[in-house]
1. So which residues in the range 1-43 are part of a strand (DSSP E or B) and under 11 Å from the mean Cα position of the chain (by Cα)?
2. Do we have any residue at all in the range 8-21 that's modelled with pLDDT under 90 and within 17 Å of Y126 (Cα to Cα)?
3. Considering each residue of the range 34-74, count those that are in contact (Cβ under 8 Å) with a residue 24 or more places away in the chain and either open to solvent by less than 20 Å² (accessible area, probe 1.4 Å) or of a type in the set (S, T, N, Q) (or both), and give that number.
4. Which of the residues spanning the range 43-58 are of a type in the set (A, V, I, L, M, F, W, C) and farther than 24 Å from R7 by Cα?
5. Give the range 89-112 a look and list any residue that's over 20 Å from S23 (Cα atoms) and among the polar types (S, T, N, Q), or say none.
6. For the range 13-28, how many residues meet the condition of being out of contact with any Asp or Glu (no Cβ under 8 Å at 6 or more places or on another chain), among the polar types (S, T, N, Q) and open to solvent by less than 90 Å² (accessible area, probe 1.4 Å)?
7. Identify the residue in the range 75-120 that is polar (S, T, N, Q) and open to solvent by 40 Å² or more (accessible area, probe 1.4 Å) and, among all such residues, is farthest from I49 (Cα to Cα).
8. Take T31 and decide whether it is open to solvent by 40 Å² or more (accessible area, probe 1.4 Å) and in contact (Cβ under 8 Å) with a residue 12 or more places away in the chain.
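The values are calculated or read from the model by the stated rules, or taken from the named source; none is laboratory data. Keep in mind the model is a prediction, meaning the values are calculated, not measured. Cβ coordinates were reconstructed from backbone atoms using ideal geometry, including for glycine residues, and neighbour counts include every protein chain displayed. Ligands, DNA and RNA are stripped out before the accessible areas are found, and what is left, the full protein with its side chains, is counted by its heavy atoms. Shrake-Rupley method; radii C 1.70, N 1.55, O 1.52, S 1.80 Å.
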Amino acid sequence: MSPTILRARYTETTPSETFPAPSNNNVSWHTLISAPQTDTTDLSAGIAICPPQTGRLCPHRHDQAEIYHILEGEGDMTVDGVTTKVQAGCTVFIPRNAEHGIVNTGDEVLRWFYVFAVGSFGEIVYRFSGEAGGKAKL
């Protein structure tokens, strides 16, 4: 293993990723750490972005636990039916297979850092409520 250092403007100079259409989600993200793009076998991480007022990541589940750390903005985070207001500085632990989603309720971009305990983001299978599920478009 070797260290990975991404420069400060990485998310400004790389294209964002989205879920395949059709999708009720209005969220994009930048994968920061994930095999095979980076030398990792243990973690994957990135930054998600929801636009003001219409941004949302619909309720879903996946087999892996996840952590969100809110970097900017505010929203409503729902985990297993319990909705909590979140804002910059909040950290959320999401247990494996817990249904969760987030909605931007503010006038600013909602941005969060997320981490999974798997080496490749491609291993995460999102199972959206009411859908058969699928992988994120990478």
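1. We begin by selecting, within the range 1-43, every residue part of a strand (DSSP E or B); these are 17, 26, 28-33.
If the condition is that a residue be part of a strand (DSSP E or B) and under 11 Å from the mean Cα position of the chain (by Cα), then E17, S28, W29, H30, T31 are the ones that fit.
2. yes
3. 19
4. Within the range 43-58, the first condition is being of a type in the set (A, V, I, L, M, F, W, C), and the residues that meet it are 43, 45, 47-50, 57-58.
Scanning the range 43-58 gives L57, C58.
5. T91, N97
6. Residues flagged as out of contact with any Asp or Glu (no Cβ under 8 Å at 6 or more places or on another chain), among the polar types (S, T, N, Q) and open to solvent by less than 90 Å² (accessible area, probe 1.4 Å) within the range 13-28 amount to 6.
7. This residue is N97.
8. Numbers: open to solvent by 40 Å² or more (accessible area, probe 1.4 Å): no; in contact (Cβ under 8 Å) with a residue 12 or more places away in the chain: yes.
So T31 does not fit the description; no.
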